[in-house]
Amino acid sequence: DWVACSNFARVAKSPQMQAITARCNLAYGTVTLSHPKLQDLTIDPDKPEDGADLIQWIMPISAGNRTLPATVVRNGLRGMTDTDFPSISIINLGSHREVENRLGRRISPGRWRANLILDGLAPWGERDWVGKRLRVGLAELEVRENIVRCVATSTSVATGERDTDTLGTLQAGWGHKEFGVYAVVTKTGDINQADRVEVIG
């Protein structure tokens, strides 16, 4: 069953985790994790002993004043999401640039941890998509809701340090702490870079 993100180790609790990057080797079923303060770790998520290795690897960058990671869980066929429905997150680089303009400097779009990054759209145009259906490549999606952001977005993906008041910037500039939208896939299909986005209903 789905449980809230507060039950898991996450960037909001341990900012250094924001600087973790992952490379998947689908042929071997392995994931290689990297962090600027740690040696690379390659694991097979299906092997229990590799889960123990992951816990030990992540301990040095876990906040000691919060509950520490204890075990690795696998969620079967359902993805790990911040919503109680099987969502993907979508951001608009036009909106991202508006946030950068208000900050007066560039930040990585990776802070928003999106599944799908779109460009060439009007700033904040994605907010008008809630309740509508989109076609991207061969896939179709239903946009459900705006994403309310947390303190994780204040953290640099390069250093794992909290260095930007993203939430305060959103609130001061636009009167909310939302960025991006959640959508549900209603028709599966391949998506490729440079595919067009169409509102279909």
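Conditions (1) out of contact with any helix residue (DSSP H, G or I) (no Cβ under 8 Å at 6 or more places or on another chain); (2) open to solvent by 70 Å² or more (accessible area, probe 1.4 Å), marked per residue:
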| position | (1), (2) |
| --- | --- |
| 25 | yes, no |
| 36 | no, yes |
| 49 | yes, yes |
| 76 | yes, no |
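Look through 46, 53, 1 and report the one residue that is modelled with pLDDT of 90 or more and either among the acidic types (Asp, Glu) or closer than 23 Å to residue 89 by Cα (or both).
53
Hey, can you tell me all the residues within the range 3-53 that are out of contact with any strand residue (DSSP E or B) (no Cβ under 7 Å at 6 or more places or on another chain), among the basic types (Lys, Arg) and without any contact (Cβ under 8 Å) to a residue 24 or more places away in the chain?
47
Looking only at the range 148-178, count how many residues are open to solvent by 60 Å² or more (accessible area, probe 1.4 Å), among the charged types (D, E, K, R) and in contact (Cβ under 8 Å) with a residue 24 or more places away in the chain.
Qualifying residue count, the range 148-178: 3.
Every residue, every condition in (1) of a type outside the set (Val, Ile, Thr); (2) more than 29 Å from residue 13 (Cα to Cα); (3) in contact (Cβ under 8 Å) with a residue 24 or more places away in the chain; (4) in a loop (DSSP other than H, G, I, E, B), yes or no:
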position	(1), (2), (3), (4)
78	yes, no, yes, yes
81	no, no, yes, yes
111	yes, no, yes, no
120	yes, yes, yes, yes
123	yes, yes, yes, yes
127	yes, no, yes, no
131	yes, yes, no, yes
143	no, no, yes, no
146	yes, no, yes, no
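Residues 121, 138: which one is surrounded by fewer than 17 Cβ atoms within 10 Å (Cβ to Cβ) and over 15 Å from residue 91 (Cα atoms)?
138
Quick check on my filter: what residues within the range 26-41 are closer than 25 Å to residue 158 by Cβ and either out of contact with any Phe, Trp or Tyr (no Cβ under 9 Å at 6 or more places or on another chain) or in a helix (DSSP H, G or I) (or both)?
Across the range 26-41, the qualifying residues are 30, 31, 32, 34, 36, 37, 40.
Counting only residues that are assigned to a loop (DSSP other than H, G, I, E, B) and surrounded by 12 or more Cβ atoms within 10 Å (Cβ to Cβ), how many does the range 86-107 have?
The total comes to 2.
Given the residues 40, 82, 50, which is the only one that is more than 26 Å from residue 161 (Cβ to Cβ) and of a type outside the set (Lys, Arg)?
It is 50.
Could you figure out which of (1) open to solvent by less than 70 Å² (accessible area, probe 1.4 Å); (2) more than 15 Å from residue 61 (Cβ to Cβ); (3) charged (D, E, K, R); (4) assigned to a loop (DSSP other than H, G, I, E, B) isn't true of residue 13?
(2)
Residues in the range 179-197: is at least one touching a Ser or Thr at 6+ places or on another chain (Cβ under 9 Å), touching a residue at least 12 places away in the same chain (Cβ under 8 Å), part of a loop (DSSP other than H, G, I, E, B) and aliphatic (A, V, I, L, M)?
The answer is no; no qualifying residue exists.
The values are calculated or read from the model by the stated rules, or taken from the named source; none is laboratory data. Because the structure is predicted, anything quoted here is derived from the model rather than measured. Cβ: placed from backbone, ideal geometry, glycine included. Neighbour counts: every protein chain shown. Quick note on the areas: whole protein, heavy atoms, side chains included, nothing else; ligands and nucleic acids left out. Shrake-Rupley method; radii C 1.70, N 1.55, O 1.52, S 1.80 Å.
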